[in-house]
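Computed from the coordinates by the stated procedures, all read-outs in this text should not be read as laboratory data. It should be emphasised that the depicted structure is a prediction, and the values quoted were computed from it without experimental measurement. Methodologically, a virtual Cβ is constructed for each residue, glycine included, from the backbone with ideal geometry; neighbour enumeration extends over all protein chains shown.
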Amino acid sequence: MADAGPARLAAALAGAGISGDLVAGSRRLTGGTFNAVHLVTLAAGTRLVVKIPPGPDTPLLRYEQGILGTEALFYQLAGQCREVTVPSVIAVEATGAAGGYLVMTQCPGSPWPEVAPKPSGAERDQLRAALGALVARVHTITGSGFGYPSESVGPLRETWRAAFLDMVDAVLADAGTYPVTLPAGGTVTFDFAARRRLSLYRTYLNLIMWVEAVPRQASRERVDWLHGRVFQPLAAALDEE
């Protein structure tokens, strides 16, 4: 996770037009693995969330370059969809290899896994249906091409297939840069297109989580967890025929 001290937080707030005398307090939020995230309370009572990525000396995977700009773009586009609640972007600076900051409004609430008691039965089904409806609205947004808007792993493509191959190639290139040991595997074949897509997306996510552990200098405990929850499923997916 990024080590963003008071100076970088103050610079991010200044970029959003917020001087120190307008800030009542701030605290570091936990749970992330990349950005430093701060909850800032203004004297007027407004709460903001400030994301600050690692500094320029921190090794980044290719897809992470300029990623804050992509996140800000998602909020700006998704916010146009009916009943979809996302933060309002106050300011974003995402130029350079590591980016600068993202200042946005807070969306109050608790992550689903942290809700107690956990929703179950009919309530859980209703919530999942409501979530699915929101995701469906977000999926009505279209763009000029497929891929990362920052074009950090390649230009926008005319097809999702071409963009996805660029994304996978980029992670594999990162694995060779650091270097990272990857499992060997054979050809993956599936009977249904949906199952194929699901497996490919899981493989891509597992590749990212496994490769980033090296430049992030993950702890021994974290690496052991990743080996069981990421490396082994990745190897199994690559061995499927």
For Y178, net neighbour charge (Lys/Arg +1, Asp/Glu -1) across residues whose Cβ lies under 13 Å away:
0
Across segment 25-33, in residue order, what do the Karplus-derived ³J(HN,Hα) couplings come to in whole Hz, using 6.51 cos²θ - 1.76 cosθ + 1.60 with θ = phi - 60° and x for Gly and Pro?
x, 7, 8, 7, 8, 10, x, x, 10
Expected unfolding gain across A11-W112 under the 0.36 nm per residue rule, minus the alpha-carbon gap, is 33.1 nm
For the chain the mean separation of alpha carbon contacts under 8 Å (6+ apart) over residue count, i.e. relative contact order in percent, is 15
Using each residue's phi in segment 222-227, evaluate 6.51 cos²θ - 1.76 cosθ + 1.60 at θ = phi - 60° and report the 3J(HN,Hα) Karplus result to the nearest Hz, with x for Gly and Pro.
5, 5, 4, 5, 5, 4
Using every Cα-Cα pair within the chain, state what percent have a distance larger than 25 Å.
54
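Where the convex hull is taken over the Cα atoms of segment 6-105, what is its projected area averaged over directions, in nm²?
The Cα convex hull of segment 6-105, projected and averaged over all directions, gives 6.9 nm².
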Pull out the extension gain between V135 and R197, defined as 0.36 nm times the separation in residues minus the alpha carbon to alpha carbon distance; nm, one decimal.
20.6 nm
Between Y178 and L156, what is the label-point separation in nm under the 7 Å Cα-to-beta-carbon projection?
3.0
Could you give the spread of the C-alpha atoms of segment 160-239 along their three principal axes, from largest to smallest, in whole angstroms?
38, 24, 18
Normalised by the residues of segment 160-239, what does the relative contact order come to in percent, with Cα pairs under 8 Å and at least six apart?
46
Using 0.36 nm per residue of separation minus the Cα-Cα distance, give me the extension gain between R229 and V23 in nm, one decimal.
70.0 nm
Placed amide H near G145: partners under 5 Å, 5+ positions off or other chain:
none
Final fewest-first order of H38, H227 on the 10 Å Cβ neighbour count is H227, H38
For segment 35-44, Karplus-derived ³J(HN,Hα) couplings (6.51, -1.76, 1.60; θ = phi - 60°; whole Hz; x for glycine and proline) come out as 7, 8, 10, 10, 9, 10, 9, 7, 4, 7
Please list the non-local residues whose amide H lies under 5 Å from the amide H of S26, H modeled 1.01 Å from N, same-chain partners needing a gap of 5 or more.
T41
